[in-house]
Amino acid sequence: MKPAQSDFAKKFYVVGVNFQKTDTQHRSKFSITSAKNEEAYTQSSACLEHFLILSTCNRTEIYGFAPCEYVLLAFMKSLSGATHEEISANAYIKEGDDAVKHLLSVASGLDSQIPGDYEIISQIRKAFQLSKDAGKSNGFIERVVNHANQISKAIKNSTAFSDGTVSVSYAVVQQVRKIMEKENLRKICVVGLGKMGHNTLKYLIQHMPDAKITLVNRDETKLNEIASANQLNAFPFRSLTDAVKENEIVIVATGVAEPILNLSHVKGSSVKYIFDLAMPRNVHEDLYQSNEIKVFDVDQISSSINDTLDKRLAEIPKVKAIVQAKAQEFFDWQERRKSRTTAPLKYEQFLPHVIGSTENSHTRQYTCFMADQCCEGKPGKAWLPVQAYSA
């Protein structure tokens, strides 16, 4: 008997990994670079037409409509290169209302490594814009993101949850300042002038005006503009070894898929400390294992400022109330929409695939376009159980 159309309905899911379940080293395996992120939106299928990818230092998450969660898990696997076992051990899955609540909680800063992180909402907006520009968003996703924006605005206007300057960029500069004062160091090299690197540079200039700063960047036009405006030394990326040679502290704020700084770059140099702000790590493991140079990753940098967050933590009950109220507004909208029509919207529909020759064709039910490569139509048996995530 042919199943009812509703049996093929797509549901809203989120699958992801974050700092609460994985450390920086393991999280790096799941990180999706900006280039890979943009490329992912060019992919399309009947099973995953509408989705949003959020990849930051703290998390990699895919939100989207699919007939089952294994479609998103398989997509994450294809983007990250992680194995089935690694995804099963580290990933979490949320469905329906729980997935919506999760995105709203992330937008509020409650789910950030640094509570009250105000940068997360701009990262969500950017992720949504990429999805929308590629034609991968829909009315549901856009409405959730709009509620996320409203939550962020309400929190900033009515609580002290995001008060003060507490970010990875600010945190690393405070650590650098303490080290320089203690050991009488003065020379710093900043590698990478994207948003993270530029913010770090601004804090360095503001808090350490006497530091001698050297800049390195791939985009030489941007490099020369910033260096000239601030009267700083500048080196193109191809001269990375020469750039770091005379410096005592190196801050790596690039955002590429592979390490760009290794032991050979700093051998025989004056470098004593390296701060790796990238995700995945952009400092090679041989430097992390070095006994002569101390390397800090984003987890270590973030943990150093947790003792300054008492004021923010006291605001958590107010923030949770705002998130709950906005989530309820969203769910009320869903109920009103359902009351007006019994038919699923286009993005909720999942039509069965017909495969095989005309003579022997048959309907494949409850599976997806990746079934032959991923689970042979039995996703639950192909995947190890994914651990529960309660945050």
Two-site label geometry, Glu246 and Gln43: point separation in nm, points 7 Å out along Cα→Cβ: 4.7 nm
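Quick one: Kirkwood hydrodynamic radius for the stretch 17-120, alpha-carbon pairs, angstrom, one decimal?
Numbers: mean 1/r = 0.0704 Å⁻¹.
Computed over the stretch 17-120, the radius equals 14.2 Å.
Suppose the chain between Ser88 and Glu225 were pulled fully straight at 0.36 nm per residue; how much longer would it get relative to their current alpha carbon spacing? Intermediate values should be presented prior to the final figure.
Working: separation 137, 0.36 × 137 = 49.32 nm, distance 4.59 nm.
That pair, Ser88 and Glu225, stretches by 44.7 nm at full extension.
Net charge near His147: determine it from the other residues with C-beta under 9 Å of the C-beta of His147, scoring Lys and Arg +1 and Asp and Glu -1. Don't skip to the answer; put the middle values down first.
Working: positive: Arg143, Lys326; negative: Glu329.
Combined, the nearby Lys, Arg, Asp and Glu give +1.
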Whichever lysines have a C-alpha closer than 23 Å to that of Lys320, once near sequence neighbours (fewer than 8 apart) are set aside: Lys21, Lys94, Lys101, Lys153, Lys156, Lys311
Total formal charge among the other residues, if their Cβ is under 13 angstrom from that of Thr83, Lys/Arg +1 and Asp/Glu -1: 0
Shape of the stretch 121-199, Cα gyration tensor, a/c cut at 1.5: oblate
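Read-outs throughout are calculated quantities, based only on the coordinates presented, and are distinct from any laboratory measurement. Not measured: the values here are computed from a predicted model. As a convention, Cβ positions derive from the backbone with ideal geometry for all residues, glycine included, and neighbour counts pool all protein chains shown.
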